[in-house]
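**Q** Mind having a look at this structure? Questions to follow.
Since every read-out is calculated from the coordinates, none of them should be taken as a lab result. As the structure is a prediction and not an experimental result, all values here were calculated from the model. In this analysis, Cβ positions are derived from the backbone assuming ideal geometry, glycine residues included, and neighbour counts consider all displayed protein chains.
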Amino acid sequence: MSERSKKGRRPTSGARPFAPGEAPLGVRPGLGGQRRRAGADAGVRLLERREKDSTPSKQRSDRRRRLRPESMLLLRRFSLVLLLAAAFVAPPALAASGRLIVDEVKITGLAMLNEEAVSELAGISAGENLLGIDLLATERAIEALPFVARAQARIGIPGELRIEIRETPLLLRWQRGSETLLVSGSGQILGRIDSPLLSARGAEAAASLPLVVDATTVPFVEVGEVISPLDLDIVTRLASLTPADLGSSALQLTIQRDPQYGYLLQGVGEGFTWNAVFGIYSATIRPVEMLPGQVRLLRSLLANRERGVGWVILADGQAGTFTDPGVRPPPPPSPSVSPSPLLP
């Protein structure tokens with residue numbers, strides 16, 4: 001092919017802009033070596049507009065409707081006024097409507113105490129206004145009972161007053177003459193065993209507690225007070241003993257407090273009775289820490305001869321002796337200090 005024909009022939013490959021007059025119908029000349037269809041720019045602008053429209057309306061509205069600080073402060077004050085007005089107006093309105101009336105006083109957590117007696121002590125009856133009840137005063141009135149460790153009163157709607165009670169655990173009975181008192185695990189005198197506060201089930205449970213028969217004449221504590229820590233330690237240790245701990249066939253164990261012998265443990269079975277003298281304790285001369293050794297010694301002395309034993313003298317954890325049934329030994333020599341008083 002000649003050079004002339006090459007120059008006169010138009011290239012058929014490669015991209016170039018359309019020359020004026022060469023663009024087909026509907027296509028316009030492109031710029032920068034590109035060919036663009038008519039309406040391409042409009043499509044791009046349409047997409048950009050849609051992206052802008054897809055912006056969350058909440059963000060735009062927040063930017064448009066953002067309140068000024070002065071308006072926010074005014075709105076807060078207005079809300080506070082409404083709350084205060086509701087607090088003053090709503091209770092009288094509810095009280096006048098008759099919807100906040102005590103229909104039922106429900107007491108839970110009772111095991112030993114009489115529900116009617118506790119309810120009467122609370123001083124709240126059906127028909128009272130719930131809004132007029134002093135819950136704190138109700139709790140304090142019930143907690144004033146030594147039998148009650150804790151009380152919590154709550155108002156339930158509609159018409160229910162709920163009182164939750166946690167009773168004081170009982171440890172033993174303490175008998176002085178014709179009076180029998182109930183002692184808690186902390187040594188507090190809770191009240192008489194025939195107290196009207198006890199239910200029938202509570203009185204039956206109290207009658208099965210370990211018994212301390214006190215024959216001394218030393219001053220005794222009053223109801224609500226606490227016995228001395230030394231005496232509490234002694235009776236707690238003795239009250240925890242069972243006939244099986246002593247290898248005994250006794251049906252009943254009773255703790256006694258004698259003015260001459262000190263603390264005794266009496267075992268009663270079918271056809272036999274024995275008394276074990278643990279003695280008078282003090283913080284220095286005869287500490288209560290020797291009591292576990294005395295228990296072991298008593299077990300060894302009762303072994304295989306329980307029916308032939310009357311009295312057992314336990315000087316300490318290693319020295320002890322016993323008498324025949326019916327023979328009462330002379331009281332052991334007491335330490336230089338007097339028996340521990342029950343007063344703390």
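**Q** Mind pulling up the Rg/Rh value for the stretch 104-167? Radius of gyration and Kirkwood radius, both on Cα.
**A** Values: Rg = 10.8 Å, Rh = 11.7 Å.
The Rg/Rh ratio comes out at 0.93.
**Q** Just to confirm the filter: which GluC sites (Glu not before Pro) across the stretch 149-227 are DSSP coil and have at most 12 other Cβ within 10 angstrom of their Cβ? It would help to have the intermediate numbers written out before the result.
**A** Working: sites: 160, 164, 167, 179, 204, 222, 225; in loops: 222, 225.
Listed in order of number, the matching sites are 222.
**Q** Is the shape of the stretch 123-225 rounded, prolate or oblate, going by the alpha carbon gyration tensor and its root eigenvalues a ≥ b ≥ c, with a/c under 1.5 for rounded and a/b larger than b/c for prolate? Mind dumping the intermediate values first?
**A** On the way: a/c = 3.09, a/b = 2.51, b/c = 1.23.
It comes out prolate by the Cα gyration axes.
**Q** Near residue 203, within a Cβ-to-Cβ distance under 15 Å, what is the net charge of the other residues, with Lys and Arg +1 and Asp and Glu -1? Intermediate results must be reported in sequence, preceding the final value.
**A** Numbers: positive: 173, 192, 201; negative: 115, 116, 167, 194, 204.
Within the 15 Å Cβ shell, the charges total -2.
**Q** A further question follows. Let me know the shape class of the stretch 169-344, please: from the alpha-carbon gyration tensor, a ≥ b ≥ c as square roots of the eigenvalues, rounded when a/c is under 1.5, otherwise prolate if a/b is greater than b/c, or oblate.
**A** Numbers: a/c = 1.99, a/b = 1.34, b/c = 1.48.
Note, shape of the stretch 169-344 comes out oblate.
**Q** On to the next question. Just need the relative contact order of the stretch 104-167 here, percent rounded to a whole number, with Cα pairs under 8 Å and 6+ apart. Numbers along the way, then the final one.
**A** On the way: 87 pairs, mean separation 28.2, N = 64.
After rounding, I find 44 percent.
**Q** Can you give me the relative contact order of the stretch 169-344 as a percent, contacts being Cα pairs under 8 Å and 6 or more apart? Before the final figure, lay out each step's value.
**A** Values: 344 pairs, mean separation 32.9, N = 176.
Across the stretch 169-344, relative contact order equals 19 percent.
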